[in-house]
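Every read-out reported here was derived from the displayed coordinates using simple, explicitly stated rules and does not represent laboratory data. No experiment lies behind these values; they were computed from the predicted model shown.
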Amino acid sequence: MNTRYSSSQWHEAHDLVVLEGCTYAEAAERTGISLSAIQKKGREQDWIEERKAHAEDAGDYRQMVFELKKRHAQRALEEGDPQAIYALAKLERMFPEYRYRAGDEGIDDRAKRELVVQVVEAIVAYLETDAPSVLYEFRRYLRPLTAHVFTTLGVAE
């Protein structure tokens, strides 16, 4: 049977295999293209090699975002720089998927708790000296903020 598939189906199959890491069978099931047709096109266009190259690029990008966040976090902690705190908060909202690196799970809960406490203390210290009125308004949010960060990190308070 000579079945013709649309270019959008082929585009979706390609993206599923190359960008999302699906198997040919999963792509076939999700797009309605036969498994043999996807296997043939994937071999002809070397989708598996393309997927490997994409994974390497994504890893480099992930590392770059992680390093950028790390640099701002260090400035926020060491200098209490409000622009670094603002930049870090923006980066966290823009790239939540790059919040933690693979392997960060090995950081023990005590170290994570200490880091959270240091960040909160740095924010409070900055606000005490440079913006006491803001600290006065912000103080009711300190405990919920700290609890939220602990929850996000998966750490018990």
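Tell me, rounded to the nearest percent, the portion of alpha carbon pairs in the chain spaced more than 25 Å apart.
51 percent
Between Ser8 and Ala125, what length comes free when the chain is fully extended (0.36 nm per residue of separation minus the Cα-Cα distance, one decimal in nm)?
Here the answer is 36.6 nm.
With a ≥ b ≥ c taken as the square roots of the eigenvalues of the C-alpha gyration tensor of segment 1-61, please select rounded if a/c is under 1.5 and otherwise prolate if a/b is larger than b/c or oblate if it is not?
Because a/c hits 1.5 or more and a/b exceeds b/c, segment 1-61 counts as prolate.
Highest GNM mean-square fluctuation, the chain, Cα pairs closer than 10 Å: which of Arg71, Arg139, Arg62?
Among Arg71, Arg139, Arg62, the largest mean-square fluctuation in the Gaussian network model of the chain belongs to Arg139.
Report ³J(HN,Hα) in whole Hz for each residue of segment 78-92, in order, from the Karplus equation J = 6.51 cos²θ - 1.76 cosθ + 1.60 where θ = phi - 60°; Gly and Pro get x.
Coupling constants for segment 78-92: 6, 10, x, 5, x, 5, 5, 5, 5, 4, 4, 4, 5, 4, 4 Hz.
Compute the angle between helix 35-45 and the longest alpha-carbon principal axis of the chain, please, reported from 0 to 90 degrees and rounded to the nearest 10.
80 degrees
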